Amino acid sequence: MTFRWGILGAARIARAFIPAIRAAGGEVTMLGAREPQSARVQTFSSDWEIPTTGSYQDVIDADLDAVYIALPNALHLPWSAAALQGGKHVLTEKPLTLNAQEARELADVAEASGQVLLEGFAYRFTPQHRALLDAVRGGELGEVRAYRGAFGFTVRNAEDIRLQPGLGGGALYDIGCYPVNEARMLLGEPLAVTAQARWTPDGVDVSMSAVLDYSHVGHGALASIDCGFDWLSGGRIGRSQVLGTGGVMELDRAFFSDEPEFVLTRDSERQTLAPGNGYALMAAHFQRVVRGEETALYPPEDAVQQARVLDALLQSAREGRRVEL
């Protein structure tokens with residue numbers, strides 16, 4: 001039986017996820033938008049051959065298996081909760097919510113409703129990230145001493161939602177969350193964080209650099225995180241590096257999920273991996289979890305812990321001090 005999806009929001013990220021759903025054997029049957037009859041939404045629906053458009057609530061009320069939330073960050077909590085309570089499984093774009101309290105609330109809603117909830121970090125499902133995880137967890141790099149992760153590009157439009165405080169804007173929420181997430185996947189939960197940021201006049205972090213304290217891991221490790229909306233004149237940079245007592249592994253396009261090929265470097269030796277679309281692999285995993293065919297790799301509790309670290313980083317950057325977790 002075909003797995004039926006609805007999408008909330010005609011956002012740019014949805015353009016990557018719609019073909020991924022289809023590649024995973026699912027079907028996008030409905031698009032929900034704030035103004036469903038607008039020319040922009042109708043064009044989006046036509047371009048992507050989505051048969052029905054309606055309001056956000058129309059999608060939640062429809063006969064569907066799951067809803068993909070591609071709305072601005074500030075809308076993730078209310079509409080994810082509404083979809084879960086409406087009997088739909090939910091895959092919500094990262095960050096799941098704007099803070100740990102909201103993430104806890106949403107995780108509790110998912111548990112009470114009996115529905116699957118997943119935070120949408122597609123990069124976690126790419127072949128290169130799985131190779132990195134396997135190398136670290138398998139001890140191929142020895143004891144990890146340091147992790148370095150950086151993700152950034154230039155946002156030129158001052159009206160971009162990623163710079164709007166009321167919509168949950170900020171470099172940490174949008175892109176810094178990726179290296180934070182990868183550090184957590186590799187090393188676990190940090191003891192404390194220290195961060196500094198550059199801010200817009202409206203109080204949105206346009207760039208952040210931080211250190212996560214993993215002194216309790218092995219003989220001690222540190223993770224450094226950098227993100228920014230004011231990097232480069234064009235293009236994106238997304239790199240990560242793990243340094244251990246037994247070797248070094250680097251990913252050159254670490255947080256991109258739909259590359260034609262993935263390359264990792266292990267002790268200065270480059271290795272090309274088979275392509276694998278992270279969005280499609282994530283959608284397929286989600287569908288299998290819903291069908292009871294496998295256990296969720298990243299349950300809602302993981303998103304709660306992720307939010308705790310983001311909260312601490314923002315607090316540290318605002319208050320200029322080390323924050324314990």
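Given the condition aromatic (Phe, Trp, Tyr), under 24 Å from PRO165 (Cβ atoms) and part of a helix (DSSP H, G or I), answer yes or no: does some residue in the range 50-60 qualify? Looking for residues that are aromatic (Phe, Trp, Tyr), under 24 Å from PRO165 (Cβ atoms) and part of a helix (DSSP H, G or I), one finds at least one in the range 50-60, hence yes. Checked against (1) β-branched (Val, Ile, Thr); (2) surrounded by 22 or more Cβ atoms within 10 Å (Cβ to Cβ); (3) more than 21 Å from the chain's Cα centre (by Cα), ILE7 passes all but condition (3).
Just one of (1) at pLDDT 90 or above; (2) of a type in the set (Lys, Arg); (3) under 21 Å from GLY168 (Cβ atoms) fails for ARG322. It is (3).
Restricting SER80, SER46 to residues that are assigned to a helix (DSSP H, G or I), among the polar types (S, T, N, Q) and open to solvent by less than 10 Å² (accessible area, probe 1.4 Å) narrows the list to SER80.
Residues are listed down the side, and each one gets a yes or a no for (1) within 20 Å of the chain's Cα centre (by Cα); (2) at positive phi; (3) free of Cβ contacts under 8 Å to residues at least 60 places away in the same chain:
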{"position": "ALA24", "(1), (2), (3)": "yes, no, no"}
{"position": "VAL41", "(1), (2), (3)": "no, no, yes"}
{"position": "ASP65", "(1), (2), (3)": "no, no, no"}
{"position": "ILE69", "(1), (2), (3)": "yes, no, no"}
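Considering only residues of the range 244-282 that are open to solvent by 10 Å² or more (accessible area, probe 1.4 Å) and of a type in the set (A, V, I, L, M), which is farthest from the chain's Cα centre (by Cα)? Only one residue fits best here, namely VAL248.
Residue by residue, here is whether (1) among the small types (Gly, Ala, Ser); (2) open to solvent by 50 Å² or more (accessible area, probe 1.4 Å); (3) part of a strand (DSSP E or B) holds:
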| position | (1), (2), (3) |
| --- | --- |
| HIS129 | no, no, no |
| ALA146 | yes, no, yes |
| LEU172 | no, no, no |
| THR194 | no, yes, yes |
| ARG198 | no, yes, yes |
| ASP202 | no, yes, no |
| HIS219 | no, yes, no |
| VAL242 | no, no, yes |
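Residues in the range 271-325 that are closer than 18 Å to PRO190 by Cβ and touching a Ser or Thr at 6+ places or on another chain (Cβ under 7 Å): ALA307, SER316, ARG322, VAL323.
The values are calculated or read from the model by the stated rules, or taken from the named source; none is laboratory data. Values in this document were obtained by computation on a predicted structure and should not be read as measured data. Counting neighbours? That spans all protein chains shown, and the Cβs are built from the backbone with ideal geometry, glycine included. Just the protein is used for accessible areas: all its heavy atoms, side chains included, with ligands, DNA and RNA removed. Shrake-Rupley method; radii C 1.70, N 1.55, O 1.52, S 1.80 Å.
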